[in-house]
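Everything on this sheet refers to the single structure shown next.
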Amino acid sequence: MTSNAQVQGRRRGIDLSWPTFALLTLVLSVLVLLPLFWLTYYSFRSDTDGSATVENFVALVADPTLVRAYALAIGMALAVGVLACIIATPMAWLVARTDLPGRKIVRILVTASFVTPPFLGAIAYEILAAPNSGIVNILYRKILGLDSSAYLVNIYTFSGLVFAIACFTFPYVFTLVANALDRVPSDLEDASAILGGGSMTTLRKVTIPLVLPAMLAGTLIAILQALTMFGSPAILALPAGFHVITTKIWSLFQFPPRLGLAAAAALPLLIITIMLLRAQKAILGRKGYTVLGGKSGTPRITKLGRWKWAAVAFVGGILSLTIIFPYLAIIKTAFTGTVGDPINWDTITLSHWNFVLFDFSATRLALWNTFLLGFLTATAVTAIALVVSYLVIRRSIPGARFLGVLATAPVAVPGIVLGVGLFLSYANPTFQLYGTIWILLIAFMTIELPAGYQQMSSAFSGVHPELEEAGRVMGASRLRTLWDITAPLLRTSVVAAWCFVFVGTIRELSATILLTTANTKLVSVIIYDLNESGDLGAICVLGIILLAVSFLVVFLANRLPVLGGSQMNSRG
């Protein structure tokens, strides 16, 4: 029992809520607002004499290379969104609402594809579909006896770029649509069937309209991902001879750098991103339907009958193109001498592993930097997100919602735009952080903060504040109740947020490419550099290491009881 004296002593203790609120406001402002301020400032600054000017914006609309880069980027993003929706929607329906064999495995495989960095997927398709050295084209020429100039597919085209990006963005649409289908009760579909509607009529007139908001929202996310992506366009579009806007902004940093024009070119991308996010929020907030009444029926499962194997072939084809073939191509290339070598005991080699792990001097530093930054970023972001979510959800301090706005704002800032802003903010003589690991830590914390905050705020919303109130009645401060009572209850969510941020950090490339130097190279940048020299075997080894660490972190978080794994499993 706690004595009254102890209680009174605690009540007289200092509540650190306000100092914490002030500190977090300062930290989040530095992370989010400072890069945007310098980005705006440089966009109105002349690169030649430093005077105020609008010539950068004039060049933005007068330079045909910039206009073309924006047009191609928008066209590419729209095509990716449409293709991702066409692929993901029927697949989500088959998995969520039919008796398709192996539905759980399909969900696991699609979810696992989130872990694959898109730039690694683009490299996998270089291995598969490059016109000269691609495995598909080599087999095509060998089978038909054609000369070396013939090819069946060419990934270095606009359509090839759209296809490669869609392969690794369709999971966004799939996940949203499948989850929406899981939540649709069978009542309305049963009513349609009772009134004489066939399966296809019910699907067309009842089910699809109910999940239409999820389809549109997922398509917008796919468009947003494609529009702001740097890695895949840099790997596939540049060899094809064209730029999209992210690669064009990167090219403006090459010698001689045109920082003002780069800042001006980044601002429209920021505005488009904000508009897409607002559209997505409006679509999801509109609510496609409302269930009235109490208990609803479980989702209705449609029997595929004679269409079962056609459906299996469709899903298998999608999984082969998006997951199985790219992964097999990466593994094959990592263990054979060249891409075109057949697989047998004579061609299997560990030379690429020996080169990457022992001969290539940049590997150890890149691996150390990558995983150190992943650990530091995940720990810092999770801690900040935990406290910010607590202050915002519990509304314990007036103005705490402002912290939530700051923590969410970076989601509207594309990685390449943030990279430009951070370079302009911290490469100047005042901070001199360019070329250090700290500027990368700031970049990753800013990029991953929305993901960590969204996960923690969702977790806080599910925990009733009764226990915290009991702690407060006993005299504990808000931060003490958070540390002693709430945080242990949210252990699984904290671990999940940490893993999510860690995996997101080690695969980041868009901002990293502008902020690294020879001493701060990361694995993602090393992969990009090796791709320019054509060393695909070493790239695949590094890619396998990245994927193995990502899967290992997720596995340990789900299995180790000390990390909350047993609780996760018991909850199914």
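Please treat every number below as a calculation from the coordinates, not as lab data. Predicted model only: the values in this text are computed from it and were never measured. In this analysis, Cβ positions are derived from the backbone assuming ideal geometry, glycine residues included, and neighbour counts consider all displayed protein chains.
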(request) Pop out the ³J(HN,Hα) list for the range 331-347 in order, Karplus 6.51 cos²θ - 1.76 cosθ + 1.60 with θ = phi - 60°, rounded to Hz; leave Gly and Pro as x. (result) 5, 4, 5, 5, 10, 10, x, 10, 4, x, 5, x, 9, 7, 5, 6, 9
(request) Just report the Cα centroid separation between the range 59-131 and the range 470-498, whole Å. (result) 40
(request) Provide the per-residue ³J(HN,Hα) series for the range 202-215, in order, calculated from phi with Karplus coefficients 6.51, -1.76, 1.60 and θ = phi - 60°, each as a whole number of Hz, with x at glycine and proline positions. (result) 4, 5, 6, 9, 10, 5, 4, x, 5, 9, 4, x, 5, 4
(request) Please give every one of the aspartates and glutamates within straight-line cross-link reach of residue 303, meaning a C-alpha to C-alpha distance under 20 Å, and leave out same-chain neighbours fewer than 8 residues apart. (result) 99, 182, 187, 189, 190
(request) Pull up all non-local amide H partners of residue 98: gap of 5 or more, or a different chain, and H-to-H distance under 5 Å with H placed in the peptide plane. (result) 302
(request) Only Cα pairs under 8 Å and at least 6 apart count here; give the relative contact order of the chain as a rounded whole percent. (result) 21
(message) Under 8 Å for C-alpha pairs, at least 6 residues apart: give me the relative contact order for the range 415-543, rounded to a whole percent.
(response) 36
(message) Given the -39500 (n - 2.57) contribution per DSSP H run of 4+ residues, what per-residue ellipticity at 222 nm results for the chain, rounded to the nearest 500 deg cm²/dmol?
(response) -21500 deg cm²/dmol
(message) Please list log₁₀ I(q)/I(0) at q = 0.25 Å⁻¹ for the range 31-106, using the Debye equation with identical point scatterers on the alpha-carbon positions.
(response) -1.07
(request) Starting from the amide H of residue 336, placed 1.01 Å from N in the peptide plane, find each other amide H under 5 Å away whose residue is 5 or more places distant or on another chain. (result) 349
(request) Please name which of 110, 229, 198 has its Cα lying farthest along the dipole of the chain towards the positive end, using unit charges on Cβ (Lys, Arg +1; Asp, Glu -1) and the Cα centre as origin. (result) 198
(request) Report the FRET efficiency, 1/(1 + (r/R0)^6), for residue 517 and residue 303, where r is their Cβ-Cβ distance and R0 is 60 Å, rounded to 0.05. (result) 0.50
(message) Calculate the FRET efficiency for residue 29 and residue 555 from the Cβ-Cβ distance with a Förster distance of 41 Å, rounded to the nearest 0.05.
(response) 0.65
(message) If each residue of separation counts as 0.36 nm, what is the full-extension length gain between residue 354 and residue 67 once their alpha-carbon separation is subtracted?
(response) 98.8 nm
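Express in nm, to one decimal, how much length is gained between residue 194 and residue 105 on full extension, taking 0.36 nm for each residue of separation and deducting their alpha carbon distance.
Numbers: separation 89, 0.36 × 89 = 32.04 nm, distance 3.30 nm.
Taking residue 194 through residue 105 to full extension adds about 28.7 nm, to one decimal.
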(message) Multiplying the sequence separation of residue 487 and residue 532 by 0.36 nm and subtracting their Cα-Cα distance, what value in nm do you get?
(response) 11.6 nm
(request) Pop out the ³J(HN,Hα) list for the range 455-461 in order, Karplus 6.51 cos²θ - 1.76 cosθ + 1.60 with θ = phi - 60°, rounded to Hz; leave Gly and Pro as x. (result) 5, 6, 5, 4, 5, 5, 5
(request) Quick one: which residues, 5+ away or cross-chain, put their amide H under 5 Å from the amide H of residue 522? H built at 1.01 Å from N. (result) none
